[in-house]
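The values are calculated or read from the model by the stated rules, or taken from the named source; none is laboratory data. What you see is a predicted model; the values in this text were computed from it and never measured. Glycine also receives a Cβ, built like all others from the backbone with ideal geometry; neighbour counts cover every protein chain displayed.
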């Protein structure tokens with residue numbers, strides 16, 4: 001019986017931009033998350049004396065600012081060498097960007113597959129033959145799988161490929177191929193990388209994306225890790241998923257329709273954070289994005305002092321969990337609990353404005369006639385990772401105009417109500 005580990009997309013020392021914008025963000029813990037996840041992987045291999053580790057690309061996260069990142073990886077691989085663990089590694093699109101790592105020689109237990117052609121690494125003592133090919137550049141658009149060698153007779157054959165799987169050769173997708181191309185090779189296991197979400201593409205033989213070992217942002221939520229594959233003497237395969245992450249991302253969407261005041265909203269948030277804290281593994285940090293939704297009487301109060309609400313929620317997270325829960329972002333998508341038909345029939349200035357906003361929402365030509373200039377906004381968004389919405393798309397336009405209507409009407413209604421009370 002023998003065992004191997006299939007991991008991918010480690011993105012060691014991946015930078016997390018924008019952390020300084022959030023007061024109290026555990027920036028150091030988050031920046032160290034990929035290193036700690038790699039340490040969890042190595043510790044598991046050492047504890048269980050696993051003889052083979054496969055890394056199916058994107059070990060790094062692009063060019064390193066110095067040698068500290070590759071030296072850290074080299075030190076971890078030296079730990080594995082001490083117990084006889086060998087490592088098969090193919091470079092992915094991010095690794096191909098990394099000029100610095102090409103100059104650093106890794107420990108001799110690490111075999112890096114060439115980029116010029118597919119190659120086979122035979123491990124006779126394990127009865128395993130590993131086939132793979134590295135990237136020589138970031139955008140590899142050819143179907144690499146077609147050139148992979150035939151399986152080695154009498155051995156357990158593993159194919160390693162960094163691929164988006166589906167795409168059009170020469171046009172789209174990284175190393176695009178079809179599942180049929182992989183199955184036609186006759187290998188016993190395909191260890192895939194590049195897609196960060198774990199997915200079993202085919203079960204017999206297994207064709208598997210292991211997923212990343214550590215989520216780096218809110219779009220990589222829940223548990224992340226690697227695959228443990230056990231082979232018995234008869235060739236039967238047993239597969240187990242291992243969790244390695246030290247930081248988890250979660251989106252918490254809260255419907256505040258039943259809440260009438262900001263205090264009631266905070267009580268609801270507090271209960272939900274308590275639930276997360278109760279079920280949280282104390283070895284992990286949880287990054288939570290909170291989205292407030294629903295038509296609520298509290299909407300006016302929330303919009304009037306949203307920064308204050310954000311500060312209150314972050315204080316709640318700290319009081320409830322210490323440093324275990326970090327509120328990454330709070331989005332207010334609630335709407336005012338206003339009767340628009342009643343408002344429009346009231347004959348007030350707000351009624352006329354409500355009618356105008358509704359026409360603006362429904363008539364594309366009317367919105368275009370405003371000749372809005374988004375040049376400055378686009379310049380501010382450049383390099384932030386936030387894309388400018390397509391205001392020519394009817395659905396997008398309706399969403400943003402509707403949101404603008406809610407904000408304007410709610411704040412004006414509140415100000416007019418306050419003015420009436422003070423007069």
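From the list 201, 218, 237, exactly one residue is touching a strand residue (DSSP E or B) at 6+ places or on another chain (Cβ under 9 Å) and closer than 28 Å to residue 328 by Cβ. Which is it?
Numbers: 201 fails: closer than 28 Å to residue 328 by Cβ; 237 fails: closer than 28 Å to residue 328 by Cβ.
Criteria check complete, one pass: 218.
State all residues of the stretch 168-179 that are without any contact (Cβ under 8 Å) to a residue 24 or more places away in the chain and assigned to a loop (DSSP other than H, G, I, E, B); if no residue qualifies, say none. Spell out the reasoning first.
Step one: of the stretch 168-179, the residues without any contact (Cβ under 8 Å) to a residue 24 or more places away in the chain are 168, 178.
Once the filter is applied, which keeps residues that are without any contact (Cβ under 8 Å) to a residue 24 or more places away in the chain and assigned to a loop (DSSP other than H, G, I, E, B), the stretch 168-179 yields only 178.
It is to be established whether one or more residues within the stretch 180-198 are under 21 Å from the mean Cα position of the chain (by Cα), over 22 Å from residue 52 (Cβ atoms), assigned by TED's automatic domain parsing to the domain that holds residue 91 and without any contact (Cβ under 8 Å) to a residue 24 or more places away in the chain.
Within the stretch 180-198, one or more residues are under 21 Å from the mean Cα position of the chain (by Cα), over 22 Å from residue 52 (Cβ atoms), assigned by TED's automatic domain parsing to the domain that holds residue 91 and without any contact (Cβ under 8 Å) to a residue 24 or more places away in the chain.
Scan the stretch 64-93 residue by residue and report those that are surrounded by fewer than 23 Cβ atoms within 10 Å (Cβ to Cβ) and within 20 Å of the chain's Cα centre (by Cα).
93
Mind checking which residues of the stretch 247-256 are over 19 Å from residue 307 (Cβ atoms), free of Cβ contacts under 8 Å to residues at least 60 places away in the same chain and surrounded by 16 or more Cβ atoms within 10 Å (Cβ to Cβ)?
Across the stretch 247-256, the qualifying residues are 248, 250, 252.
Can residue 298 be described as at pLDDT below 95 and surrounded by 20 or more Cβ atoms within 10 Å (Cβ to Cβ)? Give the steps one after another, and end with the answer.
On the way: at pLDDT below 95: yes; surrounded by 20 or more Cβ atoms within 10 Å (Cβ to Cβ): yes.
In short, yes.
Has the stretch 77-85 got at least one residue that is at positive phi and modelled with pLDDT of 95 or more?
yes
Out of the stretch 375-391, which residues are at pLDDT 75 or above and part of a loop (DSSP other than H, G, I, E, B)?
If the condition is that a residue be at pLDDT 75 or above and part of a loop (DSSP other than H, G, I, E, B), then 388, 389, 390 are the ones that fit.
Filter the stretch 42-53 down to residues that are buried (at least 16 other Cβ atoms within 10 Å of the Cβ), within 18 Å of residue 243 (Cβ to Cβ) and touching a residue at least 40 places away in the same chain (Cβ under 8 Å) and give me whichever is farthest from the chain's Cα centre (by Cα).
Narrowing the stretch 42-53 to residues buried (at least 16 other Cβ atoms within 10 Å of the Cβ): 42, 44-45, 50-53.
Then drop every residue that is not within 18 Å of residue 243 (Cβ to Cβ), which leaves 42, 44-45, 50, 53.
Cutting the leftovers down to touching a residue at least 40 places away in the same chain (Cβ under 8 Å) gives us 44-45, 50, 53.
On the way: 44: 24, 45: 25, 50: 28, 53: 24 Å.
Among those residues, the one meeting the criterion is 50.
Provide a single number: the residues in the stretch 121-162 that are crowded, with 21+ Cβ neighbours inside 10 Å, farther than 14 Å from residue 185 by Cα and more than 26 Å from the chain's Cα centre (by Cα).
Residues flagged as crowded, with 21+ Cβ neighbours inside 10 Å, farther than 14 Å from residue 185 by Cα and more than 26 Å from the chain's Cα centre (by Cα) within the stretch 121-162 amount to 1.
Within the stretch 271-283, identify whether any single residue is part of a strand (DSSP E or B) and at negative phi, and answer yes or no.
No, the stretch 271-283 contains no residue that is part of a strand (DSSP E or B) and at negative phi.
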